[in-house]
Structures are given as C-alpha cells and as structure tokens.
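Chemist: Structure provided below as structure tokens; questions to follow.
The values are calculated or read from the model by the stated rules, or taken from the named source; none is laboratory data. In this text, all values refer to a predicted model and were calculated from it rather than measured experimentally. Please note: Cβ atoms are built from the backbone with ideal geometry, for glycine as well, and neighbour counts cover all protein chains shown. Please note that ligands, DNA and RNA were not included when accessible areas were found on the heavy atoms of the full protein model with its side chains. Shrake-Rupley method; radii C 1.70, N 1.55, O 1.52, S 1.80 Å.
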Amino acid sequence: MNQNQNNRLELSIHMLIWMVLFFLPATFTIGTERNWMEIFSHFWLQLIFIAIIFYVNYFIFVKWLFSRERNKKILFFAANLLLLLIVTYLKNEFMDLMKPERMVNAANSGKKDFGPPPAAFRYYLDFLIYLIPVAFSIAVKSGKRIRDVEEMKREADNIKLKSELQHLKFQLQPHFFFNALNNIYSLVDISPDKAKTSIHNLSKLMRHLLYKSEMEKVSLADEIDFLNKYIELMSLRLNDNTKVITDFPSHIPDVKVIPLLFISIVENAFKHGVSATEPSDIFFKINIQEGEILFIASNSNFPKDDTDRSGSGIGVDNLKKRLSLLYPESHEYNNYLNNNIYIAEIKLKID
C-alpha cells in the first residue's frame, strides 16, 4: 500500500469515527424531551472541543514531544496547558450563556433547576476530560511512528536482501563457468570435436546466465531447459561406465522459480558421482504436484580428497543461503547417503 492510499485510508477512518460520535447523541435522545440546542450544548460542543485538542496535538504539538530537543518537549507541555485552559474557559463561558435557556426549559417542564456545579469543580472536571484527546493523539502518533520505523526497517532489510542475493549470484556464475571450463579443458586433447561442441553448448548456457539470471524469477520450463543443456554439456566427457538418467516432466505448468536454483546440486552430482574406473550412476528427477515442486538428484558416491580442486566448493552453501533468503518458510533441503548413493532433495511450495 503506497503513501497516498495510506493517507486516504487514515482520512476515511477519522471521518467515520467522528460521524459515529456526532450521530450517537442524537440517536439516543430520539423520543426524549431534549431539543437540538440541548444536544449541542451537552454533547456536540464537547466533541468539537475534543476534536480541536486532538488535531492540534496530532498535527503540531506531539511532534515537539518526540523531538530530541529538551526545549521542544517543554514547549509541548506548556502549549497543551495553555490550550486546555483556553478550551475549558470557552466551554464554561458558553455553558453560562446557555444558563437562562436551561432555566426557561426547566420552568416550562415543571422541573426544578438546581443550576450548574461550582465553577472550580466544572473547570477541574473539563480539564481532566480534555487530557484524554491529548493522550489519545500521543498514542495514535506513536503507533504511526512505530509503523513507519517498521516500514523503514523492512525496506532496509529488503535492500540488504537484494544486495546479498546479488552477491550470491555473482558468486554462483563464475563457479558454474569454472566447472564448465574444466570439463572443456579435459576434452581438448582427447576429443577436439567434443570440445568444440562443448564450447558451443557453453555459449548457449552463458546466454541464459546473461539474460535470465538477472530476473527475480523465471519459468520452470526455462530452468529445466537450462538443466538439460548443462547435463548434455557435462555428459560429453563421461565414459561408458557412467550412466546419466533424467526424469523431467514433459508437461510443465506455468510456474515461476528463482533462476539457477538446481544447478548447484547438478554440478555436485557430476563432481562427486563420477569415477574413471568404477561404474557410476547419476539420476535427476523433477516431480510437480499441486502447490509443490520436488527435485531429486542421486549419484554414486565418490568423495573427492583434499587435493582435488575441481570447483570452489561454494555451490551447495550458496544454494542453502539462497533458499533461506528467497523461500524462508516454504522449502525443505535434505541430503543423505543410502547404500553409498548420495541423495539430495529440494522441496518447494509454490503459489
């Protein structure tokens, strides 16, 4: 909700409250012997003075109270004291002017008019009553200040989030590019033709990185297409001992996900799931159910030793951070070993 909408909503609420307060006295006196002048003097006049005190404080005085300057805080109390004394005096003067009419009305109705209470008591009581709108204006203004501070905090958190996500994205792209170049480098001597094909495929992937990764969200169909191209690129260097199987849906609903969401797990599977001498299996699956996406990657487990520097090792950590930032309460990430098969799962709730 923008500022103009907030202002219109606030104005509507104020108008509604005052309309209710002004019409209630008239409603409750229907069928009684009171005339409109009595309603005005006993109810509406008091409401008018209360409204004056409230809005003078709301728009002018209260900001002095919230000021860091001591002089303005003193000014708030002095100005309110003067305002309340003036309003109390005016209200009682008006009531004194109405005294002859009240006596006439009492005489016509046959009732005895005992007259108003002592002046000191009336001034004291009205002064206490007029403290209420002062306190209420402070409370309302305090609520607005708290709301504004929270809004500013949310905005600051949002800027920080975007900054951190941009940093993670800049981390991820070179990491992905580094792994792809490692694979192409390994093909240059043993299979130049495959190396050329790999470079061509890499150019397509980099186009996706250039145009799609800057978006907040991309279609799931685009993301799956990116994964297929990457898996094809990585599979070029594999020997016959390694089987790569994908089970991606042919019919993909029109849903959006954050870009480069699954690539870290795919990279990890190729990094740790391939052996030069032993049979290896790599399997990727995406299952789409109502309101949920499940991505599963499983691979034979061939852990790298400390001397292996293929990749920077930041991929999965990067993924966890992105998930926590962008899907804070709507994701699950699990990874575990089962009979020497490493399995990683991402479960996302989608709208």
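Chemist: Search segment 325-351 for residues that are closer than 18 Å to ILE288 by Cβ and modelled with pLDDT of 90 or more and pair each with any residue that is open to solvent by 70 Å² or more (accessible area, probe 1.4 Å) and outside any strand (DSSP E or B) when their beta-carbon atoms are under 8 Å apart and the residues are at least 6 apart or on different chains.
Modeler: Sorted first by the residue in segment 325-351, then by its partner, the pairs are TYR333/LYS320.
Chemist: Against the condition part of a helix (DSSP H, G or I), under 26 Å from ILE17 (Cβ atoms) and either among the hydrophobic types (A, V, I, L, M, F, W, C) or at pLDDT 85 or above (or both), how does ILE74 come out, does it pass? Reasoning before the result, please.
Modeler: On the way: part of a helix (DSSP H, G or I): yes; under 26 Å from ILE17 (Cβ atoms): no; either among the hydrophobic types (A, V, I, L, M, F, W, C) or at pLDDT 85 or above (or both): yes.
When the stated conditions are applied, ILE74 does not pass them.
Chemist: How about segment 202-220: which of its residues are part of a helix (DSSP H, G or I), open to solvent by 20 Å² or more (accessible area, probe 1.4 Å) and modelled with pLDDT under 80? Spell out how you get there, then give the answer.
Modeler: Of segment 202-220, the ones part of a helix (DSSP H, G or I) are 202-211, 220.
Cutting the leftovers down to open to solvent by 20 Å² or more (accessible area, probe 1.4 Å) gives us 203-204, 206-208, 210-211.
LYS204, MET206, ARG207, HIS208, LEU210, TYR211 - these are the residues of segment 202-220 that are part of a helix (DSSP H, G or I), open to solvent by 20 Å² or more (accessible area, probe 1.4 Å) and modelled with pLDDT under 80.
Chemist: Hey, another quick one. Name, by its number, the condition in (1) in contact with a His (Cβ under 6 Å, 6 or more places away or on another chain); (2) open to solvent by 40 Å² or more (accessible area, probe 1.4 Å) that does not hold for PHE226.
Modeler: Result: PHE226 passes all but (2).
Chemist: Of the residues in segment 257-281, how many are assigned to a loop (DSSP other than H, G, I, E, B) and hydrophobic (A, V, I, L, M, F, W, C)?
Modeler: Residues of segment 257-281 assigned to a loop (DSSP other than H, G, I, E, B): 258-262, 273-279.
Now drop any that are not hydrophobic (A, V, I, L, M, F, W, C), which leaves 258, 260-262, 274, 276.
Number of matching residues: 6.
Chemist: Quick check, is ILE245 out of contact with any helix residue (DSSP H, G or I) (no Cβ under 9 Å at 6 or more places or on another chain), within 19 Å of ASN287 (Cα to Cα) and assigned to a helix (DSSP H, G or I)? First the steps, then the outcome.
Modeler: Working: out of contact with any helix residue (DSSP H, G or I) (no Cβ under 9 Å at 6 or more places or on another chain): yes; within 19 Å of ASN287 (Cα to Cα): yes; assigned to a helix (DSSP H, G or I): no.
Spelling it out, it is not the case that ILE245 is out of contact with any helix residue (DSSP H, G or I) (no Cβ under 9 Å at 6 or more places or on another chain), within 19 Å of ASN287 (Cα to Cα) and assigned to a helix (DSSP H, G or I).
Chemist: Would you call SER250 under 25 Å from the mean Cα position of the chain (by Cα) and modelled with pLDDT of 85 or more? Even if it seems obvious, please write down each step before you answer.
Modeler: Numbers: under 25 Å from the mean Cα position of the chain (by Cα): no; modelled with pLDDT of 85 or more: yes.
When the stated conditions are applied, SER250 does not pass them.
Chemist: Within segment 283-290, identify whether any single residue is under 20 Å from VAL316 (Cα atoms), part of a strand (DSSP E or B) and open to solvent by 20 Å² or more (accessible area, probe 1.4 Å), and answer yes or no.
Modeler: The initial filter retains those residues of segment 283-290 that are under 20 Å from VAL316 (Cα atoms), namely 283-286.
Filter once more, keeping what is part of a strand (DSSP E or B): 283-286.
If we keep only those that are open to solvent by 20 Å² or more (accessible area, probe 1.4 Å) as well, we get 283, 285.
Yes, segment 283-290 contains at least one residue that is under 20 Å from VAL316 (Cα atoms), part of a strand (DSSP E or B) and open to solvent by 20 Å² or more (accessible area, probe 1.4 Å).
Chemist: Within segment 322-351, which residues are among the small types (Gly, Ala, Ser) and surrounded by 14 or more Cβ atoms within 10 Å (Cβ to Cβ)?
Modeler: The initial filter retains those residues of segment 322-351 that are among the small types (Gly, Ala, Ser), namely 324, 330, 344.
Passing the criteria: SER330, ALA344.
Chemist: Residues PHE127, PHE136: which one is modelled with pLDDT of 80 or more and open to solvent by 60 Å² or more (accessible area, probe 1.4 Å)?
Modeler: On the way: PHE127 fails: open to solvent by 60 Å² or more (accessible area, probe 1.4 Å).
Step by step, each of PHE127, PHE136 is checked, and only PHE136 is modelled with pLDDT of 80 or more and open to solvent by 60 Å² or more (accessible area, probe 1.4 Å).
Chemist: Now, a different point. Please enumerate the residues belonging to segment 49-71 that are in a helix (DSSP H, G or I) and small (Gly, Ala, Ser). Talk me through it step by step, then tell me what you get.
Modeler: Step one: of segment 49-71, the residues in a helix (DSSP H, G or I) are 49-65, 70-71.
ALA51 - this is the single residue of segment 49-71 that is in a helix (DSSP H, G or I) and small (Gly, Ala, Ser).
Quick grid of which residues meet (1) in contact with an Asp or Glu (Cβ under 6 Å, 6 or more places away or on another chain); (2) among the hydroxyl-bearing types (Ser, Thr, Tyr); (3) open to solvent by less than 10 Å² (accessible area, probe 1.4 Å):
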site: ASP222; (1), (2), (3): no, no, no
site: LEU236; (1), (2), (3): no, no, no
site: LYS243; (1), (2), (3): yes, no, no
site: LYS271; (1), (2), (3): no, no, no
site: SER280; (1), (2), (3): no, yes, yes
site: ILE293; (1), (2), (3): no, no, yes
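So that you can scan it fast, the table gives a plain yes or no per residue for (1) at pLDDT below 80; (2) out of contact with any strand residue (DSSP E or B) (no Cβ under 7 Å at 6 or more places or on another chain); (3) open to solvent by 70 Å² or more (accessible area, probe 1.4 Å):
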position: HIS14; (1), (2), (3): yes, yes, no
position: MET19; (1), (2), (3): yes, yes, yes
position: PHE22; (1), (2), (3): yes, yes, no
position: ALA26; (1), (2), (3): yes, yes, no
position: GLU33; (1), (2), (3): yes, yes, yes
position: ILE39; (1), (2), (3): yes, yes, no
position: ILE53; (1), (2), (3): no, yes, no
position: VAL56; (1), (2), (3): no, yes, no
